[in-house]
1. Does any residue of the stretch 35-52 turn out to be in a strand (DSSP E or B) and surrounded by 10 or more Cβ atoms within 10 Å (Cβ to Cβ)?
2. So which residues in the stretch 56-76 are surrounded by 10 or more Cβ atoms within 10 Å (Cβ to Cβ) and either under 19 Å from the mean Cα position of the chain (by Cα) or within 21 Å of residue 97 (Cβ to Cβ) (or both), if there are any at all?
3. Mind checking which pairs have a first residue in the stretch 26-54 that is farther than 14 Å from residue 87 by Cα and a second that is assigned to a helix (DSSP H, G or I) and basic (Lys, Arg), Cβ under 8 Å, 6 or more apart or different chains?
4. Restricting the search to the stretch 24-34, which residues are loosely packed, with under 12 Cβ neighbours inside 10 Å and at pLDDT 95 or above?
5. When the stretch 53-95 is examined, which residues are found to be closer than 29 Å to residue 12 by Cβ and not in a strand (DSSP E or B)?
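The values are calculated or read from the model by the stated rules, or taken from the named source; none is laboratory data. Just so it is clear, the model here is predicted, and its values are computed rather than measured. Here Cβ is always computed from backbone atoms with ideal geometry, including for glycine, and neighbour counts include all displayed protein chains.
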Amino acid sequence: MTLPPESKTITRADLAEAVYAQVGLSRNESSDLVEQVLDEMMEALTKGDSVKISSFGSFSVKHKGERVGRNPKTGIEVAISPRSVLVFRASHVLKDRINKATQAMSTPKSES
């Protein structure tokens with residue numbers, strides 16, 4: 001699936017501006033709120049905790065053990081070090097909204 005050309009990346013500043021416009025906090029308060037939420041999420045994930053946001057999804061850290069991989073160009077086996085990876089799992093509510101929006105964008109509009 002490719003995103004439509006008009007899609008964009010939402011930044012921290014965009015989130016803060018949305019909070020400012022919809023909640024009515026000052027711009028500084030909105031920015032501080034967004035930063036605090038993101039800091040809390042990062043702190044929890046750094047400690048190995050999961051972050052679950054109802055109707056949105058969950059973030060968790062998974063630990064991958066050491067394994068043997070293969071260099072695709074040379075075919076030589078290479079040891080891959082153990083590491084931690086961030087995993088996001090979307091809620092069914094978010095998946096449904098995305099699917100409905102995608103279907104609406106791909107449905108041809110009838111000409112009147």
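1. Within the stretch 35-52 (the criterion being in a strand (DSSP E or B) and surrounded by 10 or more Cβ atoms within 10 Å (Cβ to Cβ)), the answer is yes, since at least one residue qualifies.
2. Across the stretch 56-76, the qualifying residues are 56, 57, 58, 59, 60, 61.
3. Every condition considered, the pairs that remain are 31/12; 34/12; 35/12; 38/12.
4. Once the filter is applied, which keeps residues that are loosely packed, with under 12 Cβ neighbours inside 10 Å and at pLDDT 95 or above, the stretch 24-34 yields 26, 28.
5. Once the filter is applied, which keeps residues that are closer than 29 Å to residue 12 by Cβ and not in a strand (DSSP E or B), the stretch 53-95 yields 54, 55, 56, 91, 92, 93, 94, 95.
Residues checked against (1) farther than 30 Å from residue 43 by Cα; (2) touching a Gly at 6+ places or on another chain (Cβ under 7 Å); (3) of a type in the set (Lys, Arg); (4) free of Cβ contacts under 8 Å to residues at least 12 places away in the same chain:
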site	(1), (2), (3), (4)
83	no, no, yes, no
87	no, no, no, no
93	no, no, no, no
101	yes, no, no, yes
